[in-house]
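First up is the structure itself, then whatever we jot down about it.
The values are calculated or read from the model by the stated rules, or taken from the named source; none is laboratory data. A quick note: this is a predicted structure, and the numbers were derived from the prediction, not measured. Every residue, glycine among them, receives a Cβ derived from its backbone with ideal geometry; neighbour counts consider all protein chains shown. For the accessible areas, the whole protein counts, side chains as well, though only heavy atoms, and no ligand, DNA or RNA atoms are used. Shrake-Rupley method; radii C 1.70, N 1.55, O 1.52, S 1.80 Å.
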Amino acid sequence: MNTQNTPVHVRLWHRDFWLMSLSTLLLSVAVYILIPTMPEWLMQKEHFTPMEVGLAMGAFGIGLFTFGPCCSYMVERYRRNRVCILSVFGVIACLLELYYVHSLRSQIVSVGLILLQRFFLGAFFGFAQMVLSSTLIIDTSESFKRTEANFSAAWFARFAISLGPMLGLVIFNYFRFDAVVLAAVFSALLSVVFILTVRFPFRSPSDNLRVFSLDRFLLPGSMPLFINLALVSLSLGMIMTLGLSDRFYAIMMIGFLFALLAQRFVFRDADLKSEVVSGLILMLAAELMIYTRPLPIVWYLSPLCIGLAVGLTSSRFLMFFIKLSHHCKRGTSQSMYLLSWELGMSLGLCMGFMLFFNDDKSLLITAMAVTAATMLLYTRFTHNWFITHKNR
């Protein structure tokens, strides 16, 4: 059905669902907290070039796909909560390796080592989030509430886009980079604690399990949505390389809250296309404001618009992925959404540092061009394609 509204069931918000949603938030914070701080440390203390930093940030996006082909086998063959916990411990190990490297004060820091660290951080983070979103969160919800559960839990990870960098910058400004890494480790550990407190029933493995498959990994036939969403996050990733302040991310969080309210009241019965189009217009307006009006008010309005834009577009694309899939492929649609969003953001960070470091004007022109192309692609092709191919 072509509705903008997602029903609200108060009983969905029970203890287990809260714990799983908060674990998603904390795990995402553990990764996003490094986005504004790690490049600063690499360039100022370790004397990496912007190109090397860009490659490091992009390696995260490539790593996301590493364990995806065996995701279905792992959660069917072993206890799924333990698989997720082991993946989060992989994230923690990557963070502790970064802390160890930092403590050595440039004695063994090399481009190759940082590339490997970012690659495996992306691999373990992507696997943990796939299991969380495609399996554990669904398991804590009744069947008729699972669309709402996916929609709501995704908002927790979305808030980490602003909360993580904001916390990272505050800690980095008052302490040092090692304190940022320790905060990331603590956040990931707390995520493990929350997962451990939820009881998941044992399920016998299915017969004829295949070690490698697309189940819970890639959703066939969803490439137009994948590309369109990746372009949205690519623009955001580029903007996040501008050296933004903690206040910018705090105001972006307010924009997320406004997006939640807008979805519930403004777009409740609006045309299905309007949410994504409005979000992209807001993103383009924010980029244009930063480019043409370097005034104090811009640094309040632009993050508000970006928060609104990201909240509206990404949550609507998530619903598109869910409605494109069959019921048995709901988990796969969640993984596809995650991979599209994180890959686009990683590419945006990579491009921002490699191609446009200290060239804000060119970066903003490119970001505006990408956003305009995203809107053109969505309105001229993706939306009609989705209406034709959706299964719900």
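Report the residue count in the range 62-102 for those that are outside any helix (DSSP H, G or I) and of a type in the set (S, T, N, Q).
Residues that pass the stated criteria total 1.
Taking into account only those residues within the range 162-180 that are open to solvent by less than 40 Å² (accessible area, probe 1.4 Å) and more than 22 Å from I239 (Cβ to Cβ), which is modelled with the highest pLDDT?
A179
Hey, among F256, F267, F248, F217, which residue is open to solvent by 20 Å² or more (accessible area, probe 1.4 Å) and in contact (Cβ under 8 Å) with a residue 40 or more places away in the chain?
That would be F267, the only listed residue that is open to solvent by 20 Å² or more (accessible area, probe 1.4 Å) and in contact (Cβ under 8 Å) with a residue 40 or more places away in the chain.
How many of the residues making up the range 144-159 are within 19 Å of L218 (Cα to Cα), open to solvent by less than 10 Å² (accessible area, probe 1.4 Å) and at pLDDT 90 or above?
The total comes to 0.
With respect to Y73, is the statement that it is among the aromatic types (F, W, Y), surrounded by fewer than 21 Cβ atoms within 10 Å (Cβ to Cβ) and touching a Lys or Arg at 6+ places or on another chain (Cβ under 7 Å) true?
yes
List the pairs whose first member sits in the range 181-204 and is open to solvent by 80 Å² or more (accessible area, probe 1.4 Å), whose second member is assigned to a loop (DSSP other than H, G, I, E, B), and whose Cβ atoms are under 7 Å apart, counting only residues at least 6 apart or on separate chains?
Close Cβ pairs satisfying both conditions: F202/R79.
Quick one: F120 ticks every box in (1) open to solvent by less than 50 Å² (accessible area, probe 1.4 Å); (2) assigned to a helix (DSSP H, G or I); (3) not basic (K, R) except a single one, so which number is it?
It fails just one condition, (1).
Please identify the pairs in which a residue from the range 13-38 that is under 14 Å from I137 (Cα atoms) and among the hydroxyl-bearing types (S, T, Y) has its Cβ atom under 9 Å from the Cβ atom of a residue that is open to solvent by less than 30 Å² (accessible area, probe 1.4 Å) and in a loop (DSSP other than H, G, I, E, B), counting only partners at least 6 apart or on another chain.
S23/V198
Find all pairs meeting these conditions: Cβ atoms under 6 angstrom apart; at least six residues apart or on different chains; first residue within the range 89-100 and without any contact (Cβ under 8 Å) to a residue 60 or more places away in the chain and within 13 Å of F127 (Cβ to Cβ); second residue open to solvent by less than 60 Å² (accessible area, probe 1.4 Å) and of a type in the set (A, V, I, L, M).
Between residues of the range 89-100 that are without any contact (Cβ under 8 Å) to a residue 60 or more places away in the chain and within 13 Å of F127 (Cβ to Cβ) and residues that are open to solvent by less than 60 Å² (accessible area, probe 1.4 Å) and of a type in the set (A, V, I, L, M), the close pairs are C94/L121.
Here are some residues: S141, S134. Which one is of a type in the set (S, T, Y), under 24 Å from M345 (Cα atoms) and buried (at least 16 other Cβ atoms within 10 Å of the Cβ)?
S134
Quick check, is F67 farther than 23 Å from S110 by Cα, open to solvent by 10 Å² or more (accessible area, probe 1.4 Å), hydrophobic (A, V, I, L, M, F, W, C) and touching a residue at least 40 places away in the same chain (Cβ under 8 Å)?
For F67, the condition - farther than 23 Å from S110 by Cα, open to solvent by 10 Å² or more (accessible area, probe 1.4 Å), hydrophobic (A, V, I, L, M, F, W, C) and touching a residue at least 40 places away in the same chain (Cβ under 8 Å) - is met.
Kindly indicate which of I281, I297, I290 is without any contact (Cβ under 8 Å) to a residue 24 or more places away in the chain and open to solvent by 10 Å² or more (accessible area, probe 1.4 Å).
Only one candidate qualifies: I297.
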